[in-house]
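The values are calculated or read from the model by the stated rules, or taken from the named source; none is laboratory data. Model, not experiment: these values are computed from the prediction. A quick note on method: Cβ atoms are made from the backbone with ideal geometry, for glycine too, and the neighbour counts reach across all protein chains shown.
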Amino acid sequence: MASEEEMIGALQAAGRELGVDFTHGDYKAVSGARGWPSASAISARFGSWNESRERAGLPVSRRLERGWEPDELVRAVRAAARRIGRSPSARDWDELARENGWPSSATVMRRLGSGS
């Protein structure tokens, strides 16, 4: 398991290599080959991809610190399920979250519980 310092270092290295506006997908595409911690592990450690980027001193694409109330999260999860025709996995959710400005799956699980 990578330390917070290693995760921040990997994000900063990605910023130098890919440019500071690299996406979650850009990072995922190269992280394994570079031996960097996974994007999912980083998001889980810091609560969201944007929070991770912020901790590494990188720009965030949009602020997601808005106070997501449980009922708002439930509505978003239901919308995601309707869109893909089933309950979303964490991977499904994170892809849709980037498109829709929703919080990460780690944030949803933390706020609603992992069994939700």
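Going through (1) buried (at least 19 other Cβ atoms within 10 Å of the Cβ); (2) free of Cβ contacts under 8 Å to residues at least 60 places away in the same chain one by one, Lys28 falls short only on (1). Based on this model, can you work out whether Leu58 counts as at pLDDT 85 or above and not in a loop (DSSP other than H, G, I, E, B)? Taking the combined requirement at face value, the residue does not satisfy it. Annotation for the range 70-83: no member residue is out of contact with any Pro (no Cβ under 6 Å at 6 or more places or on another chain) and in a loop (DSSP other than H, G, I, E, B).
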